[in-house]
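Read the structure below first, then the notes.
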Amino acid sequence: MKAASGLANFRRELFLQEVKNTPVWDIIVIGGGATGLGVAVDAAARGFKTLLLEQSDFAKGTSSRSTKLVHGGVRYLAQGDIKLVYEALYERGLLLQNAPHLVNIQSFVIPNYSWWNEMLYGVGLTVYDLMAGKYRLNKTGLLSGKKVKQLLPNINTEGLKGGVRYYDGQFDDARLAINLAQTCAEQGGVVLNYTKVTGLTKDNTGKITGVQAQELESGEIYHLPAKAVVNATGVFVNDILQMNAPATKPLVRPSQGVHVVLDSSFLPGENALMIPKTPDGRVLFVVPWHQHLLVGTTDTPLNQNSLEPTALETEIDFILDTAGKYLVRKPTRADVKSVFAGLRPLAAPTKNTNSTKEISRSHKLIVADSGLITITGGKWTTYRKMAEETVDEAITVAHLPETPCSTANLKIHGYFTEKVKNDSLNIYGSDRAFIRELINYEPALGQTLHPDFPQVQAEVVWAVRNEMARTVEDVLARRLRILFLDARAAMKMAPQVAALMAGELDYDLAWQEKQLLEFTQLAENYLLEPQIPIQPLSTTY
Ligand SMILES: Cc1cc2nc3c(=O)[nH]c(=O)nc-3n(C[C@H](O)[C@H](O)[C@H](O)COP(=O)(O)OP(=O)(O)OC[C@H]3O[C@@H](n4cnc5c(N)ncnc54)[C@H](O)[C@@H]3O)c2cc1C
């Protein structure tokens, strides 16, 4: 007998059944990253019959590889894009309000080595702070050199004049994705991972009538009629646009951002280090995340797409060398616990898009002649606003009943404000109690998976039963986040995770062995081994 879960409606087998039984969907969303999940939540919450299809796992793409900031974008302010910053700061406030179990307020310290920067950043960040209005976090302030040293204990103090402290939001991106999928289901929507859209169907006037999709575990093909189809496939939007009209020019091009993860001893404490302009004119940030440090810089445009991008060697070297200039202890390749890359869908210039209508600047929302709606660009922070605009557009395109958006005040699954002190399960919000119940019921599930990590066996069982995890990678990369924090530790946990999953899913030893082989091969990409470098096209700041 299994302990109560509280999530009886989030079951893949039930969703597959519903897919077979539904004659026509109001909205089918292609892509289960931040953008697609946001659209599916919005559509379901307005009462539309909604289906989301993801070819891999939820947030397998860019949406698990972000810097994990819920932010207005200090950089956009410096570029004078005031509207974008206002919009993102408002959305930051809503996310803190609707998912308090996943988003926290993070203090950032900019150390200043010149008085001019002290003034510049002090004024700029005060404006940033004030622009948040009623959703303002803590107050921006100037710091003495002594205070900077106190807040950033391992900072290089040579020539240090002072600093500025400001605040932004921080979150767990892949966990928010899972919670959005669950929220969509709670609102009556259906979400399926490992189901790839392989074609679009049209009537004899060329209008979209649905999609063809393949469920990748069984190989079964579905023909799914829909009134509106939304292409929310991130850096893959071009592929769907070309399915729609083969001659379509690329709408986006990928831009790679690399993060390396270090032990927290390189910068102990709770404050993040932010360098808005390194001597090479780039950004560098060192942010505490899950008891580790996430270190990254600005993106580099590429000309190739992948669900598992390989981090550019030049970027890894830049990050380590530059971090070494600001930290007392210089990180080396041997110190890197994990390295990962994400691809940002950068909107290509409008003239490259044919037979489409541009609607927004900060992200791209376009409608093809066939009625295919494409939404891309933007950022995690603004996923809700992007979704609202997309569903508004779908109502117009598909003549759906006019229904107002309700997500500004919609609590995201797991909503919980009372964190239990020192409980690593707090990230599950209201589900924490169910996982504790699972452990009470079967105490062996309270054992940790690795001596250096707090994650327990019950979390693996929970991920399979209630979070639609299907592979060892799903659990270690996007449910527990270990692959992103420490690839070697993840490899050590993998056999136990595979055994627990096999028990839950009724799979044999052969399945476990295959899973282990695949996971080990994948995890090696998160370790710093010699790699064949891909040449960047150029570098953006
Ligand atoms: C390095 C980096 C750092 C970032 N940091 C931040 C940050 O700190 N804060 C912030 O707000 N934003 C940040 N962003 C931006 C943010 O991460 C992205 O805007 C967002 O994740 C994009 O989500 P998406 O859903 O559009 O794309 P994705 O997450 O890539 O999702 C697209 C999905 O579509 C699926 N798909 C593709 N083709 C098909 C098909 N045929 N059938 C079914 N599914 C398909 C893919 O498998 C994929 O899962 C960052 C981006 C990068 C690159």
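Which residue pairs have Cβ atoms under 6 Å apart, sit 6 or more places apart or on different chains, and have a first residue in the stretch 263-281 that is farther than 24 Å from A334 by Cα and a second that is modelled with pLDDT of 95 or more and aromatic (F, W, Y)?
If the second residue must be modelled with pLDDT of 95 or more and aromatic (F, W, Y), no pairs are left.
Residue under question is A185, and the condition is that it be over 28 Å from L343 (Cα atoms), buried (at least 16 other Cβ atoms within 10 Å of the Cβ) and of a type in the set (G, A, S); does it hold?
In short, no.
From the list M501, M468, which residue is closer than 25 Å to E215 by Cβ and outside any helix (DSSP H, G or I)?
When all the criteria are applied, what remains is M468.
Among the candidates L241, L200, single out the residue that is in a helix (DSSP H, G or I), under 30 Å from K385 (Cα atoms) and either touching a strand residue (DSSP E or B) at 6+ places or on another chain (Cβ under 7 Å) or more than 14 Å from the ligand (Cβ to nearest atom) (or both).
Just a single option satisfies the conditions, and that option is L241.
Looking at the structure I just gave you, is R481 on the phi > 0 side of the Ramachandran plot and modelled with pLDDT of 95 or more?
Taking the combined requirement at face value, the residue satisfies it.
Within the stretch 158-209, how many residues are on the phi > 0 side of the Ramachandran plot and hydrophobic (A, V, I, L, M, F, W, C)?
0
Which is buried (at least 19 other Cβ atoms within 10 Å of the Cβ) and outside the structural domain of C184 (by the TED database), of A463, A433, A394?
Matching residue, one of A463, A433, A394: A463.
Could you please give the count of residues in the stretch 367-393 that are more than 10 Å from the ligand (Cβ to nearest atom) and either polar (S, T, N, Q) or part of a helix (DSSP H, G or I) (or both)?
11
What tally of residues in the stretch 270-284 results from selecting those that are surrounded by fewer than 20 Cβ atoms within 10 Å (Cβ to Cβ) and modelled with pLDDT of 95 or more?
Here the count works out to 1.
Please work out which residue is farthest from V286 (Cα to Cα), limiting yourself to the stretch 125-178 and to residues that are surrounded by fewer than 19 Cβ atoms within 10 Å (Cβ to Cβ) and of a type in the set (G, A, S).
The selected residue is G133.
Just wondering, is there one or more residues in the stretch 43-64 that are more than 8 Å from the ligand (Cβ to nearest atom) and at pLDDT below 95?
No, the stretch 43-64 contains no residue that is more than 8 Å from the ligand (Cβ to nearest atom) and at pLDDT below 95.
Every residue in the stretch 65-81 that is away from the ligand (no atom under 14 Å from the Cβ) and not aliphatic (A, V, I, L, M), please.
Matches in the stretch 65-81: Q79, G80, D81.
Is the stretch 253-261 home to any residue that is surrounded by fewer than 21 Cβ atoms within 10 Å (Cβ to Cβ) and more than 12 Å from the ligand (Cβ to nearest atom)?
Taking every residue of the stretch 253-261 in turn, at least one turns out to be surrounded by fewer than 21 Cβ atoms within 10 Å (Cβ to Cβ) and more than 12 Å from the ligand (Cβ to nearest atom).
Looking only at residues that are within 27 Å of L152 (Cα to Cα) and of a type in the set (F, W, Y) in the stretch 87-129, which one is farthest from the ligand (Cβ to nearest atom)?
Residue satisfying both the conditions and the ranking: W115.
If T140 meets every condition in (1) within 30 Å of F10 (Cα to Cα); (2) touching a strand residue (DSSP E or B) at 6+ places or on another chain (Cβ under 7 Å); (3) among the β-branched types (V, I, T) apart from one, which number is that one?
Just one mismatch for T140, condition (1).
If a residue must be assigned to a strand (DSSP E or B) and crowded, with 24+ Cβ neighbours inside 10 Å, how many such residues does the stretch 26-55 contain?
Residues flagged as assigned to a strand (DSSP E or B) and crowded, with 24+ Cβ neighbours inside 10 Å within the stretch 26-55 amount to 8.
How many of the residues making up the stretch 306-332 are within 15 Å of the ligand (Cβ to nearest atom) and part of a loop (DSSP other than H, G, I, E, B)?
7
If a residue has to be on the phi > 0 side of the Ramachandran plot and in contact with a Phe, Trp or Tyr (Cβ under 8 Å, 6 or more places away or on another chain) to count, how many in the stretch 58-85 make the cut?
Total satisfying the criteria: 1.
Kindly evaluate L84 against the criterion of being among the aliphatic types (A, V, I, L, M), more than 8 Å from the ligand (Cβ to nearest atom), at pLDDT 95 or above and outside the structural domain of T374 (by the TED database).
So L84 fails the test.
Residues that are closer than 21 Å to G33 by Cβ and outside any helix (DSSP H, G or I): does the stretch 172-187 have at least one?
Yes, some residue in the stretch 172-187 is closer than 21 Å to G33 by Cβ and outside any helix (DSSP H, G or I).
Report the residue count in the stretch 203-238 for those that are under 18 Å from E13 (Cβ atoms), surrounded by 22 or more Cβ atoms within 10 Å (Cβ to Cβ) and either away from the ligand (no atom under 14 Å from the Cβ) or not assigned by the TED database to the domain that holds Q55 (or both).
Looking only at that region, the number is 0.
The values are calculated or read from the model by the stated rules, or taken from the named source; none is laboratory data. Quantities reported herein were computed from a predicted structural model and do not represent experimental measurements. Using ideal geometry, Cβ is built from the backbone for each residue, glycine included, and neighbour counts are taken over all protein chains shown.
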